[in-house]
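Contents: one structure, followed by commentary.
The values are calculated or read from the model by the stated rules, or taken from the named source; none is laboratory data. If you're wondering where the values come from, they're calculated on a predicted model, not measured in any experiment. Cβ placement follows ideal geometry from the backbone for every residue including glycine, while neighbour counts extend to all protein chains displayed. These accessible areas exclude ligands, DNA and RNA; they are computed on the full protein's heavy atoms, side chains included. Shrake-Rupley method; radii C 1.70, N 1.55, O 1.52, S 1.80 Å.
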Amino acid sequence: MIDYRSDTVTRPTPGMLEAMNQAVVGDDVFGEDPTVNRLEKMSAALFGKPSAVFCPSGTMTNQIAIKCHTQPGDEVICDFLSHIYQYEGGGIAFNSGVSVRLINGDKGRITADQVLEAINPIDVHKAITSLVSLENTANRGGGSCYDIHEIQRIREVCTQKSLQLHLDGARIFNALVAKSESPLRYGELFDSISICLSKGLGAPVGSVLIGDTPFIQQARRIRKVFGGGMRQAGSIAAAGIYALENHIARLASDHYHAQLIAAAWEKKSFIGSIYPVETNIIIFEVSNTYTAPQLAVKLKENDILAIAISPRMIRMVVHLDIHELDVERTIDVIGRL
C-alpha cells in the first residue's frame, strides 16, 4: 500500500533507529534524561526561546499551552478549521474550561482585522478574550501557509489588547521550508509554539512546547497533571533530535511530489476544485462519477490509501515514506481512473 492518509504513518529510518538504540537515558520527570534535555534545548534554541518541554503528542502541547494562557471562563480566538477546535476532543472546554470564538478565515488562516473584530469588550456578560491560536501550516486548509507579515499584524493586535499568541506548529517546518523563513522570526512573534516531530519530520512519537522559562515551568506542572510525564524518554527524544538534524530540508521533496500528484488530479473530469498546494497536503473536491468515499475505495483497490474528509472532499498527505516510484505509480493509477 502507498499510504497518503497522513504524514503520521511514517516509520523510523535506519539512521533514526540507530540513534534511538544508542540514546543515553534517565528519568525525565526528575529532569535527569540527558537526551530529552538536549532535545528541549535544541528545539528552544531553534526558535530563539529559552525553554521547552517534551510531550507525547501535539494535542497535549496545544492543550497545555491553552491551559497555561487562560483561566476558566476565558475565550480563545481561532479559525473554524483549527486542529485545537476540530480534532482535540473538546479539550479546550474539558481541560481548561474556556470557550472558543471561531473565525471563518481563508483555508484555515485568519487576519489581524478578524482577530480585532472577535475580541470581546470588557463586559460582565462576555467571556474574557485572552488567547489567539494560529495553525501553520493549516491542515484542513490543504497545508496552507500564513504570510509572515499577517502574523506580525496579528502580533501587534495581541500586544495592543494584552492577548497571548500561540502557534500550533504541528507542520511549522513545512511552512518554513516552503516560505524560506527563519524559525527565529516565529520565536519573536509567538508567546508559545508547539512543534510536532511525528508528522513531516518522521519521528515515531512526540511534540515539543516552546516558550519563556516561567511559562515552561508551568507547562511542565500541567504536563504532569495531564499524565504526560515520561521516565526514560530519551529513546524517543533521540528520534526527535535525529529528525531535526536530518529531515527538515528534505520536506521540499514532499512539497514537490504533492504538486505532481495534484497536477494529475487536475486532468480528471470528475475532480472539482483543488486547494492550492503549498506544502505536502492535497485536498480536492470529487464530483459526478464518484463520491469522496467511493473514490477512496477505488484508490484502495489500487493499493493507494487516502482519506475522505467529507462526502465530497479527499485529503492526501505526502511524507518521507512516499518515494519517487510511489509518486509515479500513483500518477499512473490516477490516469487510469
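In the set 194, 235, only one residue is under 28 Å from residue 9 (Cα atoms), outside any strand (DSSP E or B) and touching a residue at least 60 places away in the same chain (Cβ under 8 Å); that residue is 235.
Tally up the residues in region 320-333 that are surrounded by 14 or more Cβ atoms within 10 Å (Cβ to Cβ) and either within 28 Å of the chain's Cα centre (by Cα) or not β-branched (Val, Ile, Thr) (or both), please. Full working, then the answer.
So in region 320-333, the residues surrounded by 14 or more Cβ atoms within 10 Å (Cβ to Cβ) come out as 320-322, 326-327, 329-331, 333.
Next cut, either within 28 Å of the chain's Cα centre (by Cα) or not β-branched (Val, Ile, Thr) (or both) only: 320-322, 326-327, 329-331.
Residues meeting the conditions: 8.
Suppose the filter is in contact (Cβ under 8 Å) with a residue 40 or more places away in the chain, in a loop (DSSP other than H, G, I, E, B), touching a strand residue (DSSP E or B) at 6+ places or on another chain (Cβ under 9 Å) and under 22 Å from residue 9 (Cα atoms); does residue 175 pass it? In short, no. Annotation: of all residues in region 85-115 being assigned to a helix (DSSP H, G or I) and of a type in the set (Gly, Ala, Ser), the one that is most open to solvent (accessible area, probe 1.4 Å) is 93. Of 74, 79, all but one fail to be touching a strand residue (DSSP E or B) at 6+ places or on another chain (Cβ under 7 Å) and open to solvent by less than 10 Å² (accessible area, probe 1.4 Å); the exception is 79. Only residues that are outside any helix (DSSP H, G or I), open to solvent by 50 Å² or more (accessible area, probe 1.4 Å) and touching a strand residue (DSSP E or B) at 6+ places or on another chain (Cβ under 6 Å): list them for region 292-314, please. Listed by number, the residues that qualify are 307, 312. Would you mind telling me which numbered condition in (1) open to solvent by 30 Å² or more (accessible area, probe 1.4 Å); (2) within 19 Å of residue 1 (Cβ to Cβ) residue 317 fails? It is condition (1) that residue 317 fails.
Among the residues of region 116-143, those that are of a type outside the set (A, V, I, L, M) and surrounded by fewer than 19 Cβ atoms within 10 Å (Cβ to Cβ) comprise 117, 120, 121, 123, 125, 126. When the residues of region 238-291 are filtered to those that are hydrophobic (A, V, I, L, M, F, W, C) and part of a strand (DSSP E or B), the one that is most open to solvent (accessible area, probe 1.4 Å) is 274.
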